[in-house]
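Everything below concerns the one structure shown next.
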Amino acid sequence: MAKKQKYYVVWDGLTPGVYDSWAKCQQQIKGYPNAKYKSYPSREAAEEAYSSGYSPASKKSRKPADHHVHLFEIPFEKNSISVDAACSGNPGIMEYRGVYTTDGTEIFRQGPFHDGTNNIGEFLALVHALAWLKNLGKEDVVIYSDSRTAMAWLRNKKAKTTLRHTSRNKKLFELIHRAEAWLRNNRYGNPVVKWPTEEWGEIPADFGRK
């Protein structure tokens, strides 16, 4: 089932207005202090809200999952990074990345990889983040992920994927084996925490392709 179109109002950002995609909205709010924005199910509702101006009531919603919550207004750990993956198809073209949770600044990005899956990308992103932070000696930094599957694979130190090997994803399987070996040979102290999407909106590392 196709996901319904949503529209985004930016009251306070680089260029206030109504936008027809989360990616366009992100361009207006990333790195902008105290940005104010929200999503709506129709252009008419969004334009009416924009015309009415921002008010604290605009932040409230009966369905938290229907809008992206302003990062400065949710109780996430500031000393943290967030990871996510995106995959066009299953399997399909996959990539993953890590960002600073506070402002969405990208730290690392890998891909695209052919014949991959979202779960594999989420797993690799977590291990990449752990290795990156360990190399910097920052084992107090929290890592957020919105994938329970990837977090389970991480705990088990094994990517339990049923993905079929192809000539196009050889490099991807090399990265999986490298990530598993890193987990077997390294200890880490970073807390890996589930990002509560239903309460806080999309994780800051989200690719905005939903």
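General remarks:
- Residues located in the stretch 1-23, provided they are at pLDDT below 85 and open to solvent by 60 Å² or more (accessible area, probe 1.4 Å): Met1, Ala2, Lys3, Lys4, Gln5
- Pairs with Cβ under 9 Å, 6+ apart, first in the stretch 113-128 and at negative phi and of a type in the set (A, V, I, L, M), second in a loop (DSSP other than H, G, I, E, B) and open to solvent by 30 Å² or more (accessible area, probe 1.4 Å): Ile120/Pro91; Ile120/Thr161
- Options Ile143, Ile203, Ile176: the member that is touching a residue at least 40 places away in the same chain (Cβ under 8 Å) and more than 22 Å from Gly116 (Cα to Cα): Ile143
- Residue within the stretch 188-200 that is in a helix (DSSP H, G or I) and in contact with a strand residue (DSSP E or B) (Cβ under 9 Å, 6 or more places away or on another chain) present: no
- Residues in the stretch 24-50 that are within 21 Å of Ala205 (Cβ to Cβ), open to solvent by 40 Å² or more (accessible area, probe 1.4 Å) and not in a loop (DSSP other than H, G, I, E, B): Lys24, Gln27.
- Cβ separations smaller than 6 Å between residues 6+ apart or across chains give the following pairs from the stretch 91-112 residues that are closer than 23 Å to Cys25 by Cα to residues that are assigned to a loop (DSSP other than H, G, I, E, B) and charged (D, E, K, R): Thr102/Lys78; Gly104/Lys30.
The values are calculated or read from the model by the stated rules, or taken from the named source; none is laboratory data. Keep in mind that what you see is a predicted model, and the values were worked out from it rather than measured. For neighbour counting, all protein chains shown are included, and Cβ atoms are generated from backbone atoms with ideal geometry for every residue, glycine included. For the accessible areas, the whole protein counts, side chains as well, though only heavy atoms, and no ligand, DNA or RNA atoms are used. Shrake-Rupley method; radii C 1.70, N 1.55, O 1.52, S 1.80 Å.
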